[in-house]
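The values are calculated or read from the model by the stated rules, or taken from the named source; none is laboratory data. Keep in mind that this is a model prediction, so the values were computed, not measured. Note: ideal-geometry Cβ built from the backbone for every residue, glycine included; neighbour counts use all protein chains shown. The protein model used for the area step is the full one, side chains on, heavy atoms only, and it has no ligands, DNA or RNA in it. Shrake-Rupley method; radii C 1.70, N 1.55, O 1.52, S 1.80 Å.
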Amino acid sequence: MARSTDVADLVTRARDGQARAVARLISLVEDASPLLRPVMAALVPYAGRATVIGLTGAPGVGKSTTTGAIVAAYRRAGRRVGVLAVDPSSPFSGGALLGDRIRMQDHALDPDVYIRSMASRGHLGGLAWATPQALRVLDAASCDVVLVETVGVGQSEVEVAGMADTTCVLLAPGMGDAVQAAKAGILEIGDVYAVNKADREGADTTVRELRHMISLGARRGPGDWRPPVVKTVATRAEGVEELVEALDAHRRWLVDSGTLVLRRRRRAAKEIEAITLTALRVRLGDLRGDDRLDELAALVVDGRLDPYAAADRLVDALTA
Ligand SMILES: Nc1nc2c(ncn2[C@@H]2O[C@H](COP(=O)(O)OP(=O)(O)OP(=O)(O)O)[C@@H](O)[C@H]2O)c(=O)[nH]1
Ligand SMILES: [Mg+2]
């Protein structure tokens, strides 16, 4: 366990790009360490510089392969890159994440690429709470670009996607894929779409369907962003330059339209909310067996108070 006197030193070493210091800081996040408070305070002056790109899509669609190819493209442009592979659905780092490490091995020896898998380990608040803090660490560790790959499907995937500046949704050719995407709510979250595995039959149909579905979606005015659809074969890095161009174009639009700052404020609000709820749950946990809760429970059972009013009293007591 690091002492708080080590925090400043850890942050300095992380800012120098020392991988071990970055790893240590992200472990503090994963473990919900009490040291996170001084760490987050120390990171404040260095936050907000990195571009955060989320990659999401069904299992096996090619997120890790695409991430690897995007990393290579940004490295060629001389950018320092962080990669965070998060699994919102599992409390453990599973085989998928191990597979990611293997696919990323091209970059394993590059000191300007930092790759990390992260699981929630079941602590309060889970990844909704941990991911933004890990992003702060990578941001402060002088990464120009941070790629967040979410593993797993479902609502949590959409949630994690909400933590990026730019969300890239991956699909693969196949009947009904665009329809599936619409059902999964994925057509609302993508800023850029990639139809990967374009070496397979049906890619053009999927691209067409997807463009059609996107055009049917949210009504867009002249200055609004229109999500492009790019065809890729990630295993051969085909289409990846175009994909990176689309990501960069979205970034420019975010800045020019003032949307970046709004998105980041919304993200910070969610982060504060998650931390607040966690703090309240901890306090509520402390109250279990507390006289105040027992008294309120007795009043409810006796028919002298309704549970909403009782809850209001408890919230008042907690926040007093
Ligand atoms: N034919 C073809 N195969 C691909 C392409 N991209 C990725 N693959 C293969 O698809 C498989 C899954 O790729 P991953 O990059 O691990 O996919 P993923 O979305 O990260 O998978 P999970 O993290 O498990 O959800 C691997 O065997 C890849 O080699 C592609 O463009 N064409
Ligand atoms: Mg993967």
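Give me the pairs, please: first residue somewhere in the stretch 65-86 and over 18 Å from THR131 (Cα atoms) and within 11 Å of ligand 2 (Cβ to nearest atom), second residue anywhere and among the aliphatic types (A, V, I, L, M) and part of a helix (DSSP H, G or I), beta-carbon distance under 8 Å, and either six or more positions apart or on two chains.
From residues that are over 18 Å from THR131 (Cα atoms) and within 11 Å of ligand 2 (Cβ to nearest atom), the pairs are THR65/ALA234; THR66/ALA234; THR66/VAL240; THR66/LEU243; GLY68/ALA234.
Among the listed residues ARG267, ARG220, ARG208, ARG251, which satisfies the condition of being touching a residue at least 60 places away in the same chain (Cβ under 8 Å), of a type outside the set (A, V, I, L, M, F, W, C) and closer than 30 Å to PRO173 by Cβ? Before the answer, list the steps.
Working: ARG267 fails: closer than 30 Å to PRO173 by Cβ; ARG220 fails: touching a residue at least 60 places away in the same chain (Cβ under 8 Å); ARG208 fails: touching a residue at least 60 places away in the same chain (Cβ under 8 Å).
Residue meeting the stated conditions: ARG251.
With the structure loaded, tell me whether ARG200 is in a loop (DSSP other than H, G, I, E, B), more than 20 Å from LEU147 (Cβ to Cβ), within 12 Å of ligand 1 (Cβ to nearest atom) and open to solvent by 80 Å² or more (accessible area, probe 1.4 Å) or whether it fails that test.
Answer is yes for this residue.
Filtering the stretch 291-320 down to residues that are modelled with pLDDT of 80 or more and not in a helix (DSSP H, G or I), which residue is surrounded by the most Cβ atoms within 10 Å (Cβ to Cβ)?
LEU305
Output the residue which, of all residues in the stretch 24-64 that are within 16 Å of ligand 2 (Cβ to nearest atom) and outside any loop (DSSP other than H, G, I, E, B), is nearest to VAL146 (Cα to Cα).
ILE53
Looking at ASP31, ASP106, which is the one that is at pLDDT below 90, open to solvent by 80 Å² or more (accessible area, probe 1.4 Å), away from ligand 1 (no atom under 15 Å from the Cβ) and among the charged types (D, E, K, R)?
Selected residue: ASP31, the only one of ASP31, ASP106 that is at pLDDT below 90, open to solvent by 80 Å² or more (accessible area, probe 1.4 Å), away from ligand 1 (no atom under 15 Å from the Cβ) and among the charged types (D, E, K, R).
Looking at this structure, is GLY78 over 27 Å from THR206 (Cβ atoms), loosely packed, with under 14 Cβ neighbours inside 10 Å and of a type outside the set (Phe, Trp, Tyr)?
yes
Only one of these is open to solvent by 90 Å² or more (accessible area, probe 1.4 Å) and within 20 Å of ILE186 (Cα to Cα): LEU262, LEU216. Name it. Walk me through it before giving the result.
On the way: LEU262 fails: within 20 Å of ILE186 (Cα to Cα).
Testing whether each residue is open to solvent by 90 Å² or more (accessible area, probe 1.4 Å) and within 20 Å of ILE186 (Cα to Cα) leaves just LEU216.
Name the residue that is farthest from ligand 1 (Cβ to nearest atom), counting only residues in the stretch 219-248 that are open to solvent by 70 Å² or more (accessible area, probe 1.4 Å) and in a helix (DSSP H, G or I).
Per the stated criteria, the residue is GLU245.
Which is among the small types (Gly, Ala, Ser), under 30 Å from LEU254 (Cα atoms), open to solvent by less than 10 Å² (accessible area, probe 1.4 Å) and in a helix (DSSP H, G or I), of ALA21, ALA14? Let's see the steps before the verdict.
On the way: ALA21 fails: under 30 Å from LEU254 (Cα atoms).
Exactly one of ALA21, ALA14 is among the small types (Gly, Ala, Ser), under 30 Å from LEU254 (Cα atoms), open to solvent by less than 10 Å² (accessible area, probe 1.4 Å) and in a helix (DSSP H, G or I), namely ALA14.
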